[in-house]
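Heads up: the structure comes next, in structure tokens.
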Amino acid sequence: MTSPIGRAGAKGGGRRSPSLAQLRAFTAVAEHLHFRDAAAAIGMSQPALSGAVSALEEILGVTLLERTTRKVLLSPAGERLAVRAKAVLDEVGALMEEAQAVRAPFTGALRLGVIPTVAPYLLPTVLRLVHDRYPDLDLQVHEEQTASLLEGLAVGRLDLLLLAVPLGVPGVLELPLFDEDFVLVTPLDHWLGGREGISREALRELRLLLLDEGHCLRDQALDICREAGRADAPVTTTAAGLSTLVQLVAGGLGVTLLPRTAVKVETTRSDQLLTGYFADPAPTRRIALAMRAGAARGTEYRELAEALREELRPLPVRVLGAEA
């Protein structure tokens, strides 16, 4: 006598299963809600994408999309199944990464995201390390702000991040690299220019120039000001990058805070600047690599972090151990 489970299995065995191409097409449409944009995003022609989604609907026996002349909407079934389809594709991606890692560590592509206030100062060290020690690794660098990097890590667009921590994001594992002090950059005629042992309380009265909204360095600088007892937001002029910020200081518009790794690059561009140093404990930031918890290549990323710590020792930073 055949069991109910056996009958169900036999019945299901004749069904067609969705292809990965069909799932990719559907998830792209679910994300963009536009056939042309979805097709461009995954490198598929629009007719092929539309056909793949229609074939998926036929296989599943449900309507996934509500199509009108003006827009595309997810049906209630599409809303539910889009989550499942993305999970399947994520697992397939993890499977491929795991297989690649097993075949040959430190080969293939590694998509590294870096924040703008780190990239110009640490990338030379990172690139030299990869070139010398991991020549078969295809390192692909993406410079973006923190929020964009975390989104890219979450959806699998990026593999590893180099940025300021702590992040406090569930599912993201931080591999600390170093701590570095902030210094005060001033015009030549400023009363704090070139001084050592500057009190944080001095920040209460200074005209502080900061980066635009979205930069984590801006938030760190504001935190330092609040810790110094400054209640107001000291921002009258902002800049999109540290280079512009330092030039504004050189022009006499105010002062700014720079991480130590940026000082040599940024302050040598003008002879109208002085650097002041805070009394201990100076305000600091921590830089780390960040990866998805349980990443298939996690062992490689930890090894890379350890190698990078050694390479960073000549810089004006305090290198941390893996357990920090």
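The values are calculated or read from the model by the stated rules, or taken from the named source; none is laboratory data. None of the values given here were measured: they were computed from a predicted structure. All Cβ positions, glycine included, derive from the backbone under ideal geometry; neighbour counts span all protein chains shown. These accessible areas exclude ligands, DNA and RNA; they are computed on the full protein's heavy atoms, side chains included. Shrake-Rupley method; radii C 1.70, N 1.55, O 1.52, S 1.80 Å.
Taking the alpha-carbon centroid of each part, what is the distance from region 13-34 to region 258-294 in angstrom?
Region 13-34 and region 258-294 have Cα centres separated by 47 Å.
Classify region 28-113 as rounded, prolate or oblate, taking a ≥ b ≥ c as the square roots of the eigenvalues of its Cα gyration tensor: rounded when a/c is under 1.5, otherwise prolate if a/b is larger than b/c and oblate if not.
Prolate shape, in that a/c is at least 1.5 and a/b is the bigger ratio.
For a quick protection proxy, order the peptides 295-304, 176-185 by their average other-Cβ count within 10 Å, most packed first.
176-185, 295-304
Would you work out what percent of the accessible area of the chain, with all protein chains in place, is carbon or sulfur (probe 1.4 Å)?
Using a 1.4 Å probe with all protein chains present, the chain comes out at 54 percent carbon and sulfur.
Leaving out ligands and nucleic acids, and using a 1.4 Å probe, what accessible area per residue does the chain come to in Å²?
Per residue, the chain has an accessible area of 52 Å².
Gain in length, residue 272 to residue 83, computed as 0.36 nm per residue apart minus the alpha-carbon separation, to one decimal in nm?
62.5 nm is the gain from fully extending residue 272 to residue 83.
Note the listed values (i) 40; (ii) 15; (iii) 18, then indicate which one is percent of Cα pairs over 35 Å apart calculated from this particular structure.
This structure yields the entry labelled (i).
In region 117-213, what is the volume of the convex hull around the alpha carbon atoms, normalised per residue and reported in Å³?
Taking only Cα atoms, region 117-213 has a hull volume of 168 Å³ per residue.
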